[in-house]
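To start, the structure itself, in structure tokens.
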Amino acid sequence: MRIDIDKLTEEGLQVDRDFDFLSEDLVEEEAVFLQPVHARLEAKKVGQEILIKGRLTVRLSFVCSRCLMPFDYPVDSAFDLVYLPGDLEEAKEELAEEDLERGYFYHRSFDLQEIILEQLNLTFPLKPLCSKDCEGICPVCGKVRRESGCACAIRESDPRLVKIKNLNKS
């Protein structure tokens with residue numbers, strides 16, 4: 001969905017709709033969409049700046065990085081963006097530091113779908129986990145620990161570190 005900047009007014013443009021993306025568009029390789037991305041946003045022009053404020057919601061399926069099991073990952077994220085004309089980027093030496101964190105547009109239009117996809121990708125964790133206390137996979141038998149509760153004997157510590165461990169107890 002392209003927005004023509006010249007037609008954008010100070011009152012703004014309201015968008016409330018679903019966007020369909022391919023799973024290949026996501027930075028998380030194992031992620032799969034369980035529903036379309038729903039975005040509610042407002043875009044308005046204030047002087048030369050374009051202000052975009054919105055919220056996106058979606059349910060995805062991720063693969064846990066510890067136990068390798070799929071799990072639902074709901075996203076409910078708000079964003080607040082400011083875009084400046086691209087010709088101002090050439091004068092970076094003259095801009096204030098907070099201006100360097102803003103986005104730039106180079107044509108008289110921009111694609112909302114690209115902005116929504118970028119904001120969605122920014123919500124993803126570095127290591128997706130099904131739960132923060134996920135025990136992962138047993139290194140001996142290869143079973144998922146939370147499902148089978150394997151009885152493998154796992155040596156918890158290195159015997160060379162026992163003396164150091166005992167120092168902490170005293």
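If you scan the range 26-48, which residues turn out to be exposed (fewer than 13 other Cβ atoms within 10 Å of the Cβ) and charged (D, E, K, R)? The answer is GLU29, and nothing else. For the range 117-144, which positions are of a type in the set (Lys, Arg) and touching a residue at least 40 places away in the same chain (Cβ under 8 Å)? Within the range 117-144, just LYS127 meets the criteria.
Give the range 63-84 a look and list any residue that's under 12 Å from the mean Cα position of the chain (by Cα) and in contact (Cβ under 8 Å) with a residue 40 or more places away in the chain, or say none.
Of everything in the range 63-84, those that are under 12 Å from the mean Cα position of the chain (by Cα) and in contact (Cβ under 8 Å) with a residue 40 or more places away in the chain turn out to be TYR73, VAL75, SER77, PHE79.
Take ASP111 and decide whether it is among the acidic types (Asp, Glu), modelled with pLDDT of 70 or more and not assigned by TED's automatic domain parsing to the domain that holds PRO36. When the stated conditions are applied, ASP111 does not pass them. Condition first: in a loop (DSSP other than H, G, I, E, B), modelled with pLDDT of 90 or more and within 30 Å of SER148 (Cβ to Cβ). Can you find one or more residues in the range 54-62 that meet it? There is no residue in the range 54-62 that is in a loop (DSSP other than H, G, I, E, B), modelled with pLDDT of 90 or more and within 30 Å of SER148 (Cβ to Cβ).
Evaluated against (1) in a strand (DSSP E or B); (2) touching a Leu at 6+ places or on another chain (Cβ under 8 Å), PHE21 falls short on exactly one condition, (1). Out of the residues in the range 63-108 meeting the condition of being of a type in the set (Ser, Thr, Tyr) and at pLDDT 75 or above, tell me which one is nearest to LEU41 (Cα to Cα). Applying the filter and picking the extreme gives SER77.
The values are calculated or read from the model by the stated rules, or taken from the named source; none is laboratory data. Because the structure is predicted, anything quoted here is derived from the model rather than measured. Glycine also receives a Cβ, built like all others from the backbone with ideal geometry; neighbour counts cover every protein chain displayed.
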